[in-house]
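See below for the structure under consideration.
The values are calculated or read from the model by the stated rules, or taken from the named source; none is laboratory data. Since the structure is predicted, the reported quantities are computational estimates derived from the model, not experimental observations. Virtual Cβ from ideal backbone geometry, glycine too; neighbours counted across all protein chains shown. All accessible areas refer to the heavy atoms of the entire protein, side chains included, with ligands and DNA or RNA removed. Shrake-Rupley method; radii C 1.70, N 1.55, O 1.52, S 1.80 Å.
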Amino acid sequence: MNLIVSHHRYRLAFGVFLLLELVVVMSQKRPQEDGKARPSEGNSPDQDKRRRVPTLRKYSPSLSCFPILAYILKQIGFSLFGIIHAANLFVNYASVVQEVMKLQSVQHLLEPVLEPLIRRVVKEEVELALRKHLNNMKRNGGKEVNSSESRSLQLQFLNNLSLPVFTGARIEAEDCSTIKVAIVDALTGQIVTSGPESSAKVEVVVLEGDFDGDEEDNWAVEEFNNNIVKEREGKKPLLTGDAFLTLTEGIGLVGEISFTDNSSWTRCRRFRLGARVVDGSGGTRVREAKTESFIVRDHRGECKNLITSIFDEH
């Protein structure tokens, strides 16, 4: 409660101070002449006009009236300590007013110079940030394109078939070696030795001999599947043996497989071997592989060819 009373007493003292300051300022006005101004003898009209204009001294808060204020405060019960405290408050008030006036003057001086400068700096910084952002987007976009292109994978037969091919005989590569299938990068031609695709499961199928794809040897999955040759009605599966293999570090070996029927009944009288991924590609499109076209003859024709070759040697 005492603090509240003390607070209001200081507000009362502050009001008294302002009132006394106003009295001091008004008392310093130049007295004006009553009625119309009379020009003095020997003075020009311009001098009389300047004399008639009242002037005020530049006002700033001061303690010129503090002796009177101290007497009033003493009469209304302020102690000596309270009067000194009030004086400090008034001095601080005067200092604050003067500082504010200085800041306003500095602001008016610097604003025309600083505003264009700040605008230019901000504009340059924003443009620089935008350029960096666009460059980063271009670089990241290029990385994404390269990444997607680098995942353009395809299966590939690593060796050629040993010809001619007969029904019932094991299908082998040249030099009686095992047929090899690999998954390679379509851009670099390198075998993919890591990742889920390098251990994918592959199926060997029979294709129509005239299946070529487009000029760049590309085709859609549906086109590849539509060219897979199935056995004739009432016949055994066209390809027997282990037609599935699993890649190891990107390479797989085809097991023992053979044809059960010749190729004479197909539309071009020729076959191709094809290979497609059936599991483990991780959702990545892996283009299928195909061999060169070849003719499959019946097994009984193998003996005739053998006898002919023997007589040719002699």
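Cβ-Cβ contacts under 9 Å between residues 6 or more apart (or on different chains), taken from a first residue in the stretch 281-300 that is in contact (Cβ under 8 Å) with a residue 12 or more places away in the chain and on the phi > 0 side of the Ramachandran plot to a second residue that is part of a loop (DSSP other than H, G, I, E, B) and surrounded by 14 or more Cβ atoms within 10 Å (Cβ to Cβ), are listed as Gly282/Gly195; Gly282/Ala200. Among residues that are polar (S, T, N, Q) and without any contact (Cβ under 8 Å) to a residue 24 or more places away in the chain, Thr240 is included.
Going through the stretch 171-203 one residue at a time, which ones are under 16 Å from Ser281 (Cα atoms) and either of a type in the set (Val, Ile, Thr) or part of a loop (DSSP other than H, G, I, E, B) (or both)? If you could, list the steps in order and put the result at the bottom.
Restricting attention to the stretch 171-203, the residues satisfying the condition of being under 16 Å from Ser281 (Cα atoms) are 181-186, 191-203.
Matches in the stretch 171-203: Val181, Ile183, Val184, Ala186, Ile191, Val192, Thr193, Ser194, Gly195, Ala200, Val202.
Cβ-Cβ under 9 Å, sequence separation 6+ or interchain: first residue in the stretch 172-187 and in contact (Cβ under 8 Å) with a residue 12 or more places away in the chain and acidic (Asp, Glu), partner open to solvent by 50 Å² or more (accessible area, probe 1.4 Å) and assigned to a strand (DSSP E or B). Which pairs? So the pair list comes out as Asp185/Ile191.
Tallying residues that are on the phi > 0 side of the Ramachandran plot and surrounded by 15 or more Cβ atoms within 10 Å (Cβ to Cβ) within the stretch 196-218 yields 1. Those strands (runs of 3 or more DSSP E) of the stretch 242-314 in which at least 3 residues are open to solvent by less than 30 Å² (accessible area, probe 1.4 Å) and at pLDDT 95 or above, considering only elements entirely within it, cover 257-259, 271-279. Quick check: anything in the stretch 208-223 of a type in the set (Val, Ile, Thr) and at pLDDT below 95? Checked the stretch 208-223: at least one residue is of a type in the set (Val, Ile, Thr) and at pLDDT below 95.
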